[in-house]
Each structure stands twice: as C-alpha cells, then as structure tokens.
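Q: One structure follows; several queries about it will come next.
The values are calculated or read from the model by the stated rules, or taken from the named source; none is laboratory data. These figures come from a predicted structure and were not determined experimentally. Every residue, glycine among them, receives a Cβ derived from its backbone with ideal geometry; neighbour counts consider all protein chains shown. For accessibility, only protein heavy atoms count, side chains too; no ligands or nucleic acids. Shrake-Rupley method; radii C 1.70, N 1.55, O 1.52, S 1.80 Å.
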Amino acid sequence: MNKKALVVFSGGQDSTTCLIWALQQFEEVQVVTFNYNQRHAAEIEVATAIANKFNVKQHILDLGLLNQLAPNALTRNDIEIEAGEGEELPSTFVDGRNLLFLSFAAIMAKQFDYNHIVTGVCQTDFSGYPDCRDVFVKSLNVTLNLSMDYEFVIHTPLMWLDKKETWQMADQLGYFDYVREHTLTCYNGIIGSGCGTCPACELRSRGLKQYEAERKKVDC
C-alpha cells in the first residue's frame with residue numbers, strides 16, 4: 001500500500017491540524033475542498049491560502065446540490081445558527097455531508113492511486129452530528145472498499161480528542177500559533193478567534209482556554 005494521502009480540507013482548525021499531521025505521516029499529500037454553497041466564500045479562500053502555505057495541491061469540487069437537498073444554516077442566510085436542544089440536531093447539521101465528502105474523496109483518491117484518506121471528524125466534540133461518529137466512518141470505509149474493489153484506509157486523527165487535545169496536537173506538530181491565527185472555524189466567517197459567540201467559536205475557544213491553562217502550568 002502506498003504512502004500517499006488525500007485530505008478532506010476546509011481550512012478550519014480540525015482539517016488544518018489533520019493536514020499538518022498528514023504531511024508528517026505520508027510521502028505525498030493532496031487536499032480536496034468542497035464548495036457546497038456554504039454561507040461564507042471565505043472558507044474556500046482560507047483553505048486555498050493554507051494549501052498554498054504548505055505547498056500542497058488543492059482540488060475544489062462543486063457539491064452545490066447539497067444546498068438544494070439539505071437546507072441548513074451553513075448554506076442559507078435565512079436559517080438561524082442554533083445549537084440543538086434535547087435530541088434535536090443543530091441547525092448547522094448538513095444531512096449526508098460527510099457521506100458525500102468521503103465518497104467523492106475516495107473516487108478522487110483512486111484516480112491518483114492514493115490509498116489513504118484523512119478527515120478531521122471527531123466523536124468526542126461532535127455536536128451530535130451522526131456522520132462524525134467512528135462507527136459511521138468504519139462502516140463507510142468498508143463500503144467504499146467494496147464499491148470500488150480498492151483498499152482505502154480512512155484516517156481520523158482527531159476522532160477521540162476533545163478540542164483541548166486538538167489544540168495540544170497542533171502544538172506538538174509545531175503549528176499552534178499558525179492554526180490559531182490562520183484557520184476559519186467560525187460559522188460567521190471570521191478568521192482566527194472568530195465571532196466568539198457561534199457554537200463553533202464557543203467550542204474552539206473553550207478548548208483553547210483549557211489547553212493554554214494546562215500549558216501554562218507545565219511551563220511554570
């Protein structure tokens with residue numbers, strides 16, 4: 001099996017950390033970014049800038065059909081960004097997004113003769129999204145292998161990490177400040193620290209504060 005990897009890449013904290021991880025694990029890395037008419041074009045611009053920074057080839061695929069099939073707060077300005085209450089999913093959940101992202105990534109990876117696919121999904125801090133669960137990824141991995149008679153391995157470096165541990169990983173990889181300053185996680189399209197109030201920013205900020213407090217104790 002070759003040592004080449006395709007990273008599903010949005011330019012956010014998680015996928016950027018995974019890209020850096022992949023660059024240190026594999027001999028050759030490319031990234032695929034999906035345009036699904038997300039609320040902020042800045043997401044694709046940031047992903048492109050980061051890909052250029054690390055000198056990796058980026059492929060941008062049009063998945064605008066998701067906007068028609070699954071109306072949600074990430075693609076529609078008229079839908080409020082709201083956290084889920086009780087058993088309800090957040091308004092930012094996009095039905096089938098990771099299913100399609102990983103499926104299209106696998107099709108592309110096979111054309112490059114790449115066996116490895118890297119994605120930043122995480123079950124520990126997953127906001128209730130069912131397509132971020134380990135069982136889903138493992139199931140899809142088997143399905144993709146069977147569907148194309150090809151040996152894919154889907155890597156999920158963040159699967160069992162909380163946000164504090166994801167920040168720690170970025171630090172251990174040597175890119176803590178870069179990830180903090182240049183990635184876009186905010187649902188309102190603000191790079192770096194973000195708006196500070198949307199669910200994505202709250203999760204990111206809470207993990208950052210926890211990690212910085214822990215790192216300060218170690219330094220002392």
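Q: Give me the Debye-computed log₁₀ of I(q)/I(0) at q = 0.21, 0.29 Å⁻¹ for the stretch 130-189, equal point scatterers on Cα only, no solvent, two decimals.
A: With no solvent term, the Cα-only Debye profile gives -0.90, -1.13.
Q: Please state, rounded to one decimal and in Å, the Kirkwood hydrodynamic radius that the stretch 1-61 gives when every pair of distinct Cα atoms enters the mean of 1/r.
A: Evaluated on the stretch 1-61, it is 11.6 Å.
Q: Using a 7 Å offset from the Cα along the Cα-to-Cβ direction at both residue 205 and residue 99, what is the distance between the two label points in nm, to one decimal?
A: 3.4
Q: Give me the one-decimal Kirkwood hydrodynamic radius in Å for the stretch 89-210, with the sum taken over alpha-carbon pairs.
A: After inverting the mean inverse Cα-Cα distance, the result is 15.7 Å.
Q: For the stretch 1-61 and the stretch 104-126, compute the distance between their C-alpha centroids and round to whole Å.
A: Computed from Cα coordinates, the inter-centre distance equals 11 Å.
Q: Can you send over the solvent-accessible area of residue 138, 1.4 Å probe, protein chains only, in Å² to the nearest 10?
A: 120
Q: Calculate, in nm to one decimal, what residue 193 and residue 181 gain on full extension: separation in residues at 0.36 nm each, minus their alpha carbon distance.
A: Going from the current span to full extension adds 3.6 nm.
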